[in-house]
Amino acid sequence: MKIRSGFVTNSSSTSFLIIAKEELDREKFFDLMGIAPDSPISDLFDAFYGAVIRGVSFQASLDDLGDLDDPEISFGRHAALSDYMLTKIKEARESGGQILYGTLSSEEDTFEAFFCTDSFEAENEHFYFNGLNCVW
Amino acid sequence: MEIFPVTLEYEWEQGLILCLDEFVDEDELLRRANVKKGTYAAGILSKIYRNIFVHSVDIKYEFEKYYRLEYKTFDRYLERRLFLTAEESASIAAVSDKSVAILRYKPHQSFLSDEYGIDFLQRLLMPKGDT
């Protein structure tokens, strides 16, 4: 049981999907986000990176996903993918890599709560991170 | 630069009074944060920049332009018009002469609350050369 004083609101959670052509580590995560590792505000993205790593609940090689034209692909739970995401996964499959699915929660700390409720996507030549709200 | 946490007028939420030593443009803010333009991190900082430098009210300018005649002193203006405490008003007034602007700022990002938010903004807005 949690006891909260002050302004009380509902909890939020959101899912994210990462298409990774290589192993994701802190340095590569920072590069994807667009921030230098020695930035004076690196602690914010260190907290985000930690939340993402903790939040991953499903990880698999793109080759192991099976039939991508199946209307529902299981990431440990059924999740319907949009045509946009299916296209991105199919494109990534040609060059290999893996997919990571996970969730963020607003209950952990203020950093994770911010990224949980923010809506964004980030992409470079090695990774695609979909943190958009309920659109895939 | 000084940052004072305050309760905003008529709003039961915490805000900040930012006493700036210099103006900073958005490109400079990104350079100080070592953030690349066009990225997600830059988008976050861009929103913070606009909230501070576009949407916040410069209460020092407002006092000088509209309220000096009525309130006479800046600390009296802060206390009677903005409902700051006597202590808050005196502290802010004490640094007003050396401040190029004094902004009444309401942070929109949840991670900018409390002491961490003040520290974060000081790291971003501290004049070049300061440690």
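A few comments on the model shown:
- Two-site FRET efficiency, residue B:85 against residue A:12, from Cβ-Cβ distance with R₀ of 35 Å, rounded to 0.05: 0.55
- Here the protein assembly as shown was treated as a single set of alpha-carbon atoms; its pair distances binned every 5 Å from 0 give 1, 5, 11, 14, 14, 12, 11, 9, 7, 5, 4, 3, 2, 1, 0, 0 percent.
- Sites residue A:63 and residue B:37 - FRET efficiency at Förster radius 41 Å, r taken between beta-carbons, to 0.05: 0.70
- Neighbouring Cβ atoms from other chains, within 10 Å of the Cβ of residues in A:114-126, number 2 on average.
- Pairwise label distance in nanometres, residue A:108 with residue A:95, each label 7 Å out on the Cα-Cβ vector: 2.8 nm
- Residue with peak Gaussian network fluctuation, chain B [Cα springs, cutoff 10 Å], from B:105, B:40, B:77: B:40
- Cα centroid of the range A:103-121 to Cα centroid of the range B:81-98, whole Å: 35 Å
- Interface size A-B, as summed buried accessible area [1.4 Å probe, Å², nearest 100]: 1600 Å²
- Per-residue mean of C-beta atoms belonging to partner chains within 10 Å, peptide A:30-43: 6
The values are calculated or read from the model by the stated rules, or taken from the named source; none is laboratory data. None of these values were measured; they are calculated from a predicted model. Using ideal geometry, Cβ is built from the backbone for each residue, glycine included, and neighbour counts are taken over all protein chains shown. These accessible areas exclude ligands, DNA and RNA; they are computed on the full protein's heavy atoms, side chains included. Shrake-Rupley method; radii C 1.70, N 1.55, O 1.52, S 1.80 Å.
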